[in-house]
Each structure stands twice: as C-alpha cells, then as structure tokens.
Amino acid sequence: MRQKSAPLGCSGDNLGINRMTRKILKSGLLFICVQIFSAPTFAEEFIGHVVSIADGDTLTVLVNEHDRIKVRLSEIDAPEKAQPFGQRSKQSLSDICFDKDAVLQKTGTDRYGRMVAKVYCAGVDANAEQIRTGMAWAYRKYLRDQSLLNLDTHFAIRSATKSWQNALAFE
C-alpha cells in the first residue's frame, strides 16, 4: 500500500517551524497593536505664543512667528463674555495664558473651523485650571479626561452657596 505524502510545506520538520513562525507573528502583531492603541490620542502638537483671549475657553496662538490659530480649549465650557461670569472667566484664562508660550495638543476641529486642543501655557494645563478655579466646567458631551469631571464636581461642592451656580443653568 502506498503512503500518502504530506501536503507541500507540512512535513514534520516544517510543522515545527510553522508553529514557531506563527507564535512569532502573533507576538509581533500583539506588540504592534499595543503600540498603536497605547500611543497618545493627540494627532498633532503645536508650539506657539498666546496673543489674544476671546473668552474663557477660546484663545489665539501665534505659531511659526506668523500663523495665527484660533483655539477652542477641549473638554471644557465657559460662559460667553456677555453671560454671568463671562468677563471673569475670560480674565482667568488671560491670567493663565496671555503673552505666554503654549503647547497645543490638537484633538480636532469644531464646526467654526477652530482647532480644538488641550492647551498648556507655561507648563500649566489651562483646561484643567479653568475648571479648578471655577471659571469653566467639564463639557460632558465631549469629555475624554475623567479627571476634569472630578475637578468640576469638587468645585461645585465648594461653591454650592455661591452665585456661580446660576451660571451653570446654561450648560
């Protein structure tokens, strides 16, 4: 009786190599997936100088010494200038960022064409600082960083009797 031969590439020796190759490939694929999914979620980073403040969550940054970029701070919302606490919120962001170097970690673009970004001015997380000081609140609709919500909650507890709570009505 004639013995059937193993299909090409499936001899006993090759099976061992194929298993080894598969393990290596799986390990490599796992490593690549971990690297991709653990990478920062920020697509681009810009460095510039803050040249103006529009309100408590919007500023303009001069990049490359001649490009002005209007930036909406990500994950926070602040009152508009004409709303209660609007001027105080604008002044707070100005104290944090105006005429300072800034690092912008872009997270997207809003419907008005403004860059949406996490903003660091002179090393200070401007987004978190606006919430921590009570001049903005966590924008729950777009929230990624849960620590901002914690800052927001702590401020609300501390200021339960203050008139700032009236400003939260238009969240």
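Some values worked out for this structure:
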item: Flag for Asp13 being of a type in the set (Asp, Glu), within 23 Å of Val124 (Cβ to Cβ) and at pLDDT below 95; result: no
item: Criterion (more than 13 Å from Met135 (Cα to Cα) and not β-branched (Val, Ile, Thr)) met by exactly one of Asp101, Asp77; result: Asp101
item: Of residues in the range 41-54 being in contact with a Lys or Arg (Cβ under 8 Å, 6 or more places away or on another chain) and modelled with pLDDT of 95 or more, the one least open to solvent (accessible area, probe 1.4 Å); result: Val50
item: Residue within the range 23-37 that is among the hydrophobic types (A, V, I, L, M, F, W, C), within 16 Å of Lys106 (Cβ to Cβ), open to solvent by 50 Å² or more (accessible area, probe 1.4 Å) and at pLDDT below 65 present; result: no
item: Selection within the range 62-107 - under 15 Å from Asn127 (Cα atoms), touching a helix residue (DSSP H, G or I) at 6+ places or on another chain (Cβ under 9 Å) and of a type outside the set (Ser, Thr, Tyr); result: Leu73, Glu75, Ile76, Asp77, Ala78, Pro79, Leu93, Ile96, Cys97, Ala102
item: Neighbours by Cβ (under 9 Å, 6+ apart or cross-chain): first from the range 62-91, free of Cβ contacts under 8 Å to residues at least 12 places away in the same chain; second basic (Lys, Arg); result: Gln87/Lys81
item: Some residue of the range 81-94 being surrounded by fewer than 13 Cβ atoms within 10 Å (Cβ to Cβ), assigned to a strand (DSSP E or B) and not hydroxyl-bearing (Ser, Thr, Tyr); result: no
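The values are calculated or read from the model by the stated rules, or taken from the named source; none is laboratory data. Fair warning: this is a prediction, and the values are worked out from it, not measured in the lab. Glycine also receives a Cβ, built like all others from the backbone with ideal geometry; neighbour counts cover every protein chain displayed. In case anyone asks, the SASA skips ligands and DNA or RNA and just uses the protein heavy atoms, side chains included. Shrake-Rupley method; radii C 1.70, N 1.55, O 1.52, S 1.80 Å.
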